[in-house]
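Here the structure is laid out as structure tokens; the discussion comes afterwards.
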Amino acid sequence: MSYIIIKMVKDHNREKELPVIILDGEGEVLEFETLPAAEDMRARFEINSDSGYKYRIKKIGENHDTTT
């Protein structure tokens, strides 16, 4: 199971928030193995945001397949 961070960007034309997935330096989705690691990075992003962006964490990689 992994976690990703999503930046919520305000669309001023439609007055709606648009989700933007955070990428790493190589253009790949930035993933975290643990929730505490993702929470720590999310907090850093919010503290350093000059524009007041909010960030959410989403759990990914759940396997819903019950067959073996």
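Tell me, what ³J(HN,Hα) does each residue in the range 34-48 have, in order and in whole Hz, if you take phi through Karplus 6.51 cos²θ - 1.76 cosθ + 1.60 with θ = phi - 60° and put x for Gly and Pro?
Once θ is set to phi - 60°, the couplings for the range 34-48 become 10, 5, x, 5, 5, 4, 4, 5, 4, 4, 5, 4, 5, 5, 8 Hz.
For the chain, what does -39500 (n - 2.57) per DSSP helix run (n ≥ 4), summed and divided by total residues, give at 222 nm, in deg cm²/dmol to the nearest 500?
-6000 deg cm²/dmol
What FRET efficiency do you get for Lys59 and Lys16 if R0 is 30 Å and r is their Cβ-Cβ distance, rounded to the nearest 0.05?
Plugging the Cβ-Cβ distance into 1/(1 + (r/R0)^6) gives 0.80.
Per residue of the range 11-25, in order, report the coupling 6.51 cos²θ - 1.76 cosθ + 1.60 (Karplus, θ = phi - 60°) as ³J(HN,Hα) in whole Hz, putting x for Gly and Pro.
8, 5, 5, 10, 6, 9, 8, 10, x, 10, 6, 6, 10, 8, x
Taking only the C-alpha atoms, wrap a convex hull around the chain and report its volume per residue in Å³ as a whole number.
Expressed per residue, the convex hull around the Cα atoms of the chain is 123 Å³.
Laboratory data are not the source of any read-out in this text; all were calculated from the coordinates shown. Just so it is clear, the structure is predicted and the values come from calculations on it, not from any experiment. Virtual Cβ from ideal backbone geometry, glycine too; neighbours counted across all protein chains shown.
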